[in-house]
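Shown next, in structure tokens, is the structure this report addresses.
Coordinate-derived values only; no laboratory data. From a predicted model like this one, the values you see are computed outputs, not experimental measurements. FYI the Cβ positions are ideal-geometry reconstructions off the backbone, even for glycines, and counts take in every protein chain you see.
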Amino acid sequence: MELDPVLLSRIQFAFVVSFHAIFPVFTIGLASFIAFLEGLRLRTGNPLYERLSKFWIEVFAVVFGMGVVSGIVMSFQFGTNWSNFAQATANFMGPMLSYEVLTAFFLEAAFLGVLLFGRGKVPPGVFFFAALMVAVGTMISTFWILSANSWMHTPGGFEIRDGTFHIVAWSEAIFNASFPWRFLHMVMASFLTGALVVCAVSAWFLLRNREVEAHRRALSMSLWMLLFLAPAQAVVGDFHGLNTLEHQPVKVAAMEGNWERAGGVPLLLFALPDQANQTNRFEVGIPYLASLILTHELGGEVPGINETAVEEQPPVAIVFWSFRVMVAIGLLMIAFAITGLILRRGGQYWQKPWFLKGLTYMGITPFIAVLAGWITTEVGRSPWLVFGEMTQAQGVTPSLTGGMALFTLIGYVVVYAMVFTAGIYYLTRIFKAGLETEHTAIPQVERPKRPLSGSHVSFDDDQESDFRGSEQGGTPHGTL
């Protein structure tokens, strides 16, 4: 059996990128949460926020290290597996990746050192500034990487001379047509990931009645974030979809499983795309809804997959189902956010075991959603590396054989499995240790046996803890 170097190189790069992506998508959101905690500590003087910050900085350091180790090899693959692509796009991709390292990675790494070793050695204001700089660094990194990737989807500001892309308008190349919505969509996905992981970990500790006050406060903050971001992400996703419809209509047609251009297209909840026969089997859908979402008109016309030549169509089944996984998880996030809001009455959101257990399971869902969205985006671009300009077959290294690609793929899987195992081991140790230290102890709050109710004058649980913190030397502050 002859091994296809293009297919194996695609699988290899997909594996490496997917493995790497779950780490930065978490650290982007977590870095901002740590900066927020340090800001609250600086403003209120409440040691509770310092304890939470210490805990999450340890988590951040481990995940950041895993991201660095898993991400280094991606740039090497441009040369080993995709040398034609690297050579043709070097005038754009080279500077973009260099800018990311110079303006973001160095910033993150330098100030992360302050976060890890500077507490008590630098003034609190400087420590807060370091936390801010780490958060800013993650955003700058996202900016450059998403700009480069978006350019591959909607290339602009270039001309091709002798098979090489030459940038003639840097502003059009960097701020290409799909970049603004893709950047915003990814940033919000990162914040959602950070919020849900904090929710899950806090719920895990609350179920075990450990460091209740601290983790109840972290859960409260992250649930507010989830309540705001989950619906907002749906709105941003809609605008992102409209942008994709304009610039990559075949990708949207594959997402919807719509083979022929038509008006009043139903939103398919279930279907088995049959690409060989250019049709679907066993369709279950809601009439007119796809047209309404995509065109904002019941009879709006939606493009069909068969308008594109068969050899230029993406693998429809993969795009169709990965998109539905992403949307389903997004709806689940909104449901948990609304449930958390309802349970805030009487502080039930941290007292209901079923809700806390549900949140612990939700901790994995944002990573699945991000990967599903990434698969939808990248597989939906197939067979193009640079959409409409360079195919995957044209970009692969000419001398690469299927055997060589398979050998390196196996090597990456083995090495990354070791990295992941080591990372999970150290994260498990951090979670088991919790916030406990030998010098300080957070007061434990005994969970009421029944929800608080019937009081003529009452405070929500955040306000109660604020007054409790004031009695213990903290500064009263508003409800989070």
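At q = 0.15, 0.23 Å⁻¹, work out log10 I(q)/I(0) for the stretch 78-156 with the Debye formula, treating every Cα as an identical point scatterer and leaving solvent out; two decimals please. One equal scatterer on each Cα of the stretch 78-156 leads to -0.62, -0.98. In a simple Cβ point-charge model (Lys, Arg +1; Asp, Glu -1; nothing else charged), the stretch 1-157 has a dipole of about 600 debye relative to its Cα centre. Using the Cβ of V114 as centre and a radius below 14 Å, the other residues enclosed give a net charge of +1, where K and R count +1 and D and E count -1. Remark: relative contact order (the chain) = 21 percent; criterion is Cα-Cα distance under 8 angstrom and separation of 6 or more residues. Calculated from the structure at hand, mean projected area of the Cα convex hull in nm² is found among [x] 26.0; [y] 20.6; [z] 33.5 as [x].
Taking GluC sites (Glu not before Pro) as candidate sites, keep only those in a DSSP loop with at most 10 other Cβ atoms within 10 Å, then name the longest stretch of the chain containing none of them. Mind dumping the intermediate values first?
Details: sites that count: E2, E438, E446.
That gives 3-437 as the longest site-free run.
With respect to the cross-link table entries K54/K352; K357/K432; K54/K121, which display a Cα-Cα separation exceeding 22 Å?
Values: K54/K352 27 Å; K357/K432 17 Å; K54/K121 15 Å.
Correct reply: K54/K352.
The value of relative contact order for the stretch 78-224, using C-alpha pairs under 8 Å at least six residues apart, is 20 percent.
For M139 and A232 in the same chain, what is the full-extension length gain: residue separation times 0.36 nm, less their Cα-Cα distance, in nm?
Values: separation 93, 0.36 × 93 = 33.48 nm, distance 1.88 nm.
Computed gain between M139 and A232 is 31.6 nm.
Inter-label distance, W170 to F431: 4.5 nm, where each label sits 7 Å from its Cα along the C-beta direction.
Taking 20 Å as the straight-line reach from the Cα of K251, none of the lysines fall in range once those fewer than 8 positions away in the same chain are excluded. The loop-placed trypsin sites (Lys or Arg not before Pro) in the stretch 96-205, going by DSSP, that have at most 16 neighbouring Cβ atoms within 10 Å of their Cβ come out as K121. Placing unit charges on the Cβ atoms of the charged side chains and taking the dipole of the stretch 34-119 about its Cα centre, the candidate lying farthest along the positive direction among L52, V62, I34 is L52.
For the chain, what is the mean residue ellipticity at 222 nm derived from helices alone (per DSSP H run of n ≥ 4: -39500 (n - 2.57); sum divided by total residues; nearest 500 deg cm²/dmol)? Working shown, then result.
Values: 17 runs with 318 residues, N = 480.
The helix-only estimate for the chain comes to -22500 deg cm²/dmol at 222 nm.
Summing +1 for each Lys or Arg and -1 for each Asp or Glu among the other residues whose beta-carbon sits under 13 angstrom from that of P124 gives +2. Which part of the stretch 233-266 falls in the paramagnetic zone of V310, meaning amide N under 20 Å from the point 7 Å along Cα-to-beta-carbon? In the stretch 233-266, the label zone of V310 (backbone N under 20 Å from the point 7 Å along Cα→Cβ) covers 250-251, 253-255, 257-261.
Considering only A405, S322, F19, and ranking their Cα positions along the charge dipole of the chain that arises from unit charges at the beta-carbon of Lys, Arg, Asp and Glu, the one farthest toward the positive end is F19. Using only the Cα atoms of the stretch 258-338, build the gyration tensor, take square roots of its eigenvalues as a ≥ b ≥ c, and label the shape rounded, prolate or oblate: rounded if a/c is under 1.5, else prolate if a/b is larger than b/c, else oblate. It comes out oblate by the Cα gyration axes. Distances between placed amide hydrogens fall under 5 Å for N280 paired with D274, all partners being 5 or more residues away or on another chain.
How large is the charge dipole for the chain, taken about the Cα centre, if only the Cβ atoms of Lys, Arg (+1) and Asp, Glu (-1) carry charge, to the nearest 20 debye? Mind dumping the intermediate values first?
Numbers: 28 positive and 34 negative charges, 371 e Å.
For this selection, approximately 1780 debye.
Each of T295 and Q278 was given a label point 7 Å from its Cα along the Cα-to-Cβ line. The distance between the two points is 2.0 nm.
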